[in-house]
1. Given contacts defined as C-alpha pairs under 8 Å and at least six residues apart, what's the relative contact order of the chain, whole-number percent?
2. Sort the following peptides by mean Cβ neighbour count (other Cβ atoms within 10 Å, averaged over residues), highest first: 48-57, 87-96.
3. Go through [x] 10.5; [y] 8.2; [z] 7.3 and flag the label whose value is the computed mean projected area of the Cα convex hull in nm² for this structure.
4. May I ask you to compute the full-extension gain from Glu56 to Ala11, defined as 0.36 nm times their residue separation minus their alpha-carbon distance, rounded to one decimal in nm?
5. Accessible area per residue of the chain at 1.4 Å probe, in Å²?
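The values are calculated or read from the model by the stated rules, or taken from the named source; none is laboratory data. No experiment lies behind these values; they were computed from the predicted model shown. Positions of Cβ are backbone-derived with ideal geometry, glycine not excepted, and every protein chain shown enters the neighbour counts. Note: accessible area is taken over every heavy atom of the protein model, side chains too, but ligands, DNA and RNA are not part of it. Shrake-Rupley method; radii C 1.70, N 1.55, O 1.52, S 1.80 Å.
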Amino acid sequence: MVIGDIDQFKAFNDDFGHAAGDTVLRLTAETLATHTRATDTVARWGGEEFVLLLPETDLAAARVVAEKCRLAVSAQTSAQAQLPRAVTMTLGVSLIRPDEAIETAIARADTALYEGKASGRNRVVVSGG
């Protein structure tokens, strides 16, 4: 699984207005859906966060998908929304193990996401645990 967050969305939304923020959210969702498989699930996970469920995908492949999505979001939202600054995402990747509660995998992905935020944003971080 992958949890992604649009970097500095609140400041972005305040600087350019709610209509621009809504456009960024819509374009981000569309871009994530376009760059994942039909068997994957992409959903908004709160304010400016998204979750990607990637069934039958190992950690290395999930990282590749997350990186592809990160690059695509920046390229497509910036070009389509014609915004004065690029839209970037930080994404945390975690494996859902068969013997654990989903909340545990979510917590690992969330921890990886916040590690990425703390180390500069606009990156993919894979959970070590």
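1. Values: 220 pairs, mean separation 39.9, N = 129.
Computed over the chain, the figure is 31 percent.
2. 87-96, 48-57
3. [z]
4. Length gained, Glu56 through Ala11: 12.5 nm.
5. Ligands and nucleic acids excluded, the result is 50 Å² per residue.
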